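Below: one structure, written as structure tokens.
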Amino acid sequence: VFGGGADRPQGRRERAVRRLAAAAPLAAELGVDVLLETHDEFLTGAQVAEVLAEVDSPAVGAVWDAVNPWRAGEPPDRTATLLAPWLRHVQLKDVAGPADLRPVLPGRGVLPLSAVVEQLHRIGYRGWLSLEWERAWYPEAAPLDEALTAFHQQLDTFSTPPAPERPERGTP
């Protein structure tokens, strides 16, 4: 879900907390999660983490849209640290510039994708990564098959996460 609330800035965070807290029991009962994305009025990991800490439900988590915290000035290491307890999904894409959100093929824009992936490894994230390709809003963007090929090529250039440490023989 997106935070929204640009038209009603007063009490935005409190409304988000109240609505997510109200949805959490039903989500838990149904075996699903409600994820708040770094988007709209909650662009940064700091803003999302503040809401999620107050909701305090295992049925409520975070989606890290990698572009938004970065363009708001929050570096990937800070976003990763702040969202780590709640992080369930990460959306990667690349853009022409911090103020020019036109999608470009992954690896050809300005988003520090390798830094984002490095931070995901650092926090031990093992969840989903997805390519967010917004051609519906930007018809001049490359076709999806080209974007997916570039995305896979870009992912192949990143280091793999370190293997979990194994205990020495004879230790529990």
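Quick notes
- Looking across region 1-43 at every residue that is farther than 21 Å from Trp64 by Cβ and among the basic types (Lys, Arg), the one that is least open to solvent (accessible area, probe 1.4 Å) is identified as Arg15.
- For Ala142, the stated conditions hold: it is assigned to a loop (DSSP other than H, G, I, E, B), open to solvent by less than 30 Å² (accessible area, probe 1.4 Å) and either at pLDDT 95 or above or out of contact with any strand residue (DSSP E or B) (no Cβ under 6 Å at 6 or more places or on another chain) (or both).
- Residue in region 49-61 that is within 24 Å of Gln154 (Cα to Cα) and among the small types (Gly, Ala, Ser) present: no
- Here Arg78 passes the criteria (1) over 20 Å from Gln154 (Cβ atoms); (2) basic (Lys, Arg); (3) touching a strand residue (DSSP E or B) at 6+ places or on another chain (Cβ under 7 Å) except the one numbered (3).
- Residue match in region 83-99 (condition: aromatic (Phe, Trp, Tyr) and open to solvent by 30 Å² or more (accessible area, probe 1.4 Å)): yes
- Subset of region 111-125 that is part of a loop (DSSP other than H, G, I, E, B) and either within 13 Å of the chain's Cα centre (by Cα) or among the small types (Gly, Ala, Ser) (or both) - its residue that is nearest to Asn68 (Cα to Cα): Tyr125
- Flag if Asp77 is modelled with pLDDT of 95 or more, of a type in the set (D, E, K, R) and open to solvent by less than 60 Å² (accessible area, probe 1.4 Å): no
- Take the conditions (1) in a loop (DSSP other than H, G, I, E, B); (2) farther than 17 Å from Asp40 by Cα; (3) in contact with a strand residue (DSSP E or B) (Cβ under 8 Å, 6 or more places away or on another chain); Glu134 misses just one of them, which is (2).
- Screening Gly124 on (1) surrounded by 12 or more Cβ atoms within 10 Å (Cβ to Cβ); (2) on the phi > 0 side of the Ramachandran plot shows it passes everything except condition (1).
- Looking only at region 5-60, residues that are of a type in the set (Ser, Thr, Tyr) and closer than 25 Å to Ala72 by Cα come to 2 in all.
The values are calculated or read from the model by the stated rules, or taken from the named source; none is laboratory data. Because the structure is predicted, anything quoted here is derived from the model rather than measured. For neighbour counting, all protein chains shown are included, and Cβ atoms are generated from backbone atoms with ideal geometry for every residue, glycine included. Note: accessible area is taken over every heavy atom of the protein model, side chains too, but ligands, DNA and RNA are not part of it. Shrake-Rupley method; radii C 1.70, N 1.55, O 1.52, S 1.80 Å.
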